[in-house]
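Have a look at the structure below before the remarks.
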Amino acid sequence: MLKVRSRQCWRISDNVERFFRRLRMLYIIAYIFFKWLLWLIYRPKVFGNKKNLRLKGGVIFIANHRALYDPLLLVVSSPRIIHFMAKKELFDNPVGRVFFKSLFVFPVNRKTADMKSIRQSLKLLREGKAFGIFPEGRRSATDGMDEFEKGTAFIAAKSGAPIVPIYINPKKSRSGRSLLYVGDVILPGEIAEHCDRRMLNDAITNRMQNEMEKLSLLMRSETEGKNRTARG
């Protein structure tokens, strides 16, 4: 009797595992389809250290945040599958839940310190996956960048994962293409070697903000140079 029950449990477990494996495959197929479709819509043009978009292992992609479609720009610009967190209200609708899960997005409660979402982020990074986040915490109401919150630095300090800063230009090119500028890799471990552990989150946050400001200037130089050439 015990052998029969054990065999039945094994079959149920095997069927459940097979079901989730197929479900994950459907998500990947949907992800590839959406990625191709979104590339046709936004046609992003990338400047700077493009190779950092292909960085292997656990990595944190950070970017400024002004438009709803900013996460989609990162998705179509990198060959990596990027996991994001998004406000949990987006998952209340069944259609939204399926759509966002197909793009490897998981919910976060922005009204509290959501440790569940932070643990999920750390788990993804330990597994060698790419994680995308917007350090401002919300969309900026201007073309400039708001002050960065400390949550991203906390995740970076805990995981030790390299950070790749990406600046998204608020304005598209004359041909309607979205413009991104990829910066140098930021290593939390190197920052930790030169500061007090109690100040590490602040140090990482300041470094990220400074790097993003530099990228905004590089983007301005790039676009203004092309505009002068076009007028000439």
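Some observations on this one:
- Restricting the stretch 110-133 to residues that are touching a helix residue (DSSP H, G or I) at 6+ places or on another chain (Cβ under 7 Å) and within 20 Å of ASN64 (Cα to Cα) leaves a set whose member that is surrounded by the fewest Cβ atoms within 10 Å (Cβ to Cβ) is ILE118.
- Per-region count, the stretch 146-173, residues closer than 16 Å to ASP70 by Cα and out of contact with any strand residue (DSSP E or B) (no Cβ under 9 Å at 6 or more places or on another chain): 2
- From ASN93, ASN52, ASN64, residue being under 26 Å from ARG119 (Cα atoms), surrounded by fewer than 15 Cβ atoms within 10 Å (Cβ to Cβ) and either more than 11 Å from the chain's Cα centre (by Cα) or in contact (Cβ under 8 Å) with a residue 12 or more places away in the chain (or both): ASN93
Per-residue answers, yes or no, for (1) modelled with pLDDT of 95 or more; (2) closer than 23 Å to VAL76 by Cα; (3) polar (S, T, N, Q):
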site	(1), (2), (3)
SER117	no, no, yes
LEU125	yes, yes, no
PRO135	no, yes, no
ARG138	no, yes, no
ALA141	no, no, no
ALA161	yes, yes, no
PRO165	yes, yes, no
PRO170	no, yes, no
GLY183	yes, yes, no
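- Criterion (small (Gly, Ala, Ser), surrounded by fewer than 20 Cβ atoms within 10 Å (Cβ to Cβ) and over 30 Å from ARG43 (Cβ atoms)) met by exactly one of GLY176, GLY189: GLY189
The values are calculated or read from the model by the stated rules, or taken from the named source; none is laboratory data. Here the structure is a predicted model, which is why all the values come from computation and not from measurement. Using ideal geometry, Cβ is built from the backbone for each residue, glycine included, and neighbour counts are taken over all protein chains shown.
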